[in-house]
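Please treat every number below as a calculation from the coordinates, not as lab data. Model, not experiment: these values are computed from the prediction. Positions of Cβ are backbone-derived with ideal geometry, glycine not excepted, and every protein chain shown enters the neighbour counts.
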Amino acid sequence: MLRALSHRTYRHLFLAQVVALAGTGLLTVALGLLAYDLDPRNAGGVLGTALAIKMIAYVVFAPLAAAALARLPRRAVLVGSDAVRFAVALSLPFVGEVWQVFALVFVLQVASAAFLPTFHSVIPDVLQDEDDYTGALSLSRLANDLEAVLSPLLAAAALLVLPSSSLFLGTAAGFAGSALLVLSVALPRRARDAATADDDAPEMPFDRRARHGVLLFFRTPALRPLLVLNLAVAAAGAFVLVQTVTIVRGTFGAGEGAVALLLAANGVGSMAGAVLLPAVLRRFPEKQVMLGGGVVLTVATALVPLALADGDGAGPLVAIGTLWVLVGLGWAAAETPVGRILRRNVAPEDLPDAFAADFSLSHACWLITYPLAGWLGATSLGGTALVLAGTAGAATLAAVALWPRARVRS
C-alpha cells in the first residue's frame, strides 16, 4: 500500500487530500455544534438539512462541473476550488442565522463538487500500476478516515481551550494547505485530451458529456450494483453523522468532547478496514468484500435501539461507539474497492466522467438519507435507526441480485 507514496506527484496529492479532509472533519464537528447553538431543540433537523444541501450541490453540480471544466487544466480547477472553500470557511464563524449556514454550506459544497471528482480522476493517470493504484485507493480511504478520526480528536482537544468557532479556522487552513500542495506538482494530461490531440476526434457536446458518466453506470452491468451499495452506505452513515450529536448531548447529556470521540470511533472502524483491504482483496473478490461490508453496517445500525436502551452512565455510549466502529468497517469494505471496478470496466478516456458520475450518484443517496435521519430522528432515534437499517439491508440484497452472475470484469 505504501509503495504508491514513492511517486512524488501522488505523494503531494495524497498530502493535499489529507490536510483538506482534516479541515473538512473539523467543519463537520463545528457545524454540528453550531446547529445545536442556533436551534438546540432541532439540532438534528438543522444539521440534516445542511448536509442535504451539501448533497444537492454534489448531485447537481458534480457532473455539470466535470463537463464544464473538462478543457481547463486540472491543477487550476483544484486550486480554484480550494480558494473558494477557504473563503467560505473563514466566513462561517460570523453567521447568526440558520439560513446563512445553509447558503454558505451550499457555496462550499459546489466548490467541492468541482474539486473531488477532478482529484480522483487524476490518480489513475499518475499511478499506472494496478497494485500501486489499489494501494492508493486504500490510502485515499485512510485519508477520508482522518476526517472521522483525527479531526474529531483535534476538535476535542481544541474545544478544551478554544471556542467552537475556532474550528472553522482549522478548516480554512486545511484548504489553504491543499492548494499549496497541488501547486507544488505538475499533473499529467487527461486521457481524453491526449486522444483528441492524437487523432483530432471531435469534442463531445456539453449536454452529452454531462450525461455520459451517469449513462455508463446504467449501461455497464458490473457498475449497477455500485448504485445500490451506495444507498446502503448512505443509510447507515447518515444516522451516524446526523444523530451522534443528539444521542450524546440530548439523550445522555454528555459534553461536546464526547461527540467528537464517538465520531472518531466511526473513523477508527473505517480506517481499520482500509488498512486490511489490500491484503483482503488479494484473497477475495470485490463482490464478497463489498457485500460483506453492506451486511456489517446493516446489522450494526439495526442494533442501535438496544444500545440506546442500555441504561444510564458510560455503558450506552461505549455500546454506541462499538457499533460506530462496525459501521465504519462495513463502510470501508463496501466503498473502497469502487475505484478498482471503475478502472477495470471503464475506458481510460471515460474515467473522469465515470468518477464524476459515481460521486454524484453516491451523494444522491446521501441526499435521501441525510434529511431522513434528521427529520425522523426528531421523533424516535431508535425507530429511525431501524428504518435506515432496513434501507441498508434492502440495498445490499438488491446489490446481490444486480451483481453479474458471470465473471464480467469485476
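Quick query: amide H of HIS7 versus all other amide H atoms, modeled in the peptide plane; which residues come in under 5 Å with a sequence gap of 5 or more or a different chain?
HN-HN under 5 Å from HIS7: empty list.
Given 10 Å bins starting at zero, what is the percent of C-alpha pairs of region 2-402 in each, up to the one with the largest pair distance?
Percent of pairs per bin, in order: 5, 23, 35, 25, 9, 1, 0.
Order these peptides, 364-371, 232-239, 259-266, 377-384, by their mean beta-carbon neighbour count within 10 angstrom, highest first.
The most tightly packed comes first, giving 232-239, 259-266, 364-371, 377-384.
Rounded, prolate or oblate: which one fits region 304-410, using the alpha carbon gyration tensor with axes a ≥ b ≥ c (rounded when a/c is under 1.5, else prolate when a/b beats b/c, else oblate)?
Verdict is prolate for region 304-410.
Taking the alpha-carbon centroid of each part, what is the distance from region 276-350 to region 1-39 in angstrom?
So the separation of the two Cα centres works out to 20 Å.
Once you sort the root eigenvalues of the Cα gyration tensor of region 206-356 as a ≥ b ≥ c, which label holds: rounded (a/c under 1.5), prolate (a/b larger than b/c) or oblate (the other case)?
prolate
Provide the net charge surrounding ALA401, with neighbours chosen by a C-beta distance below 13 Å and charges set as Lys +1, Arg +1, Asp -1, Glu -1.
+3
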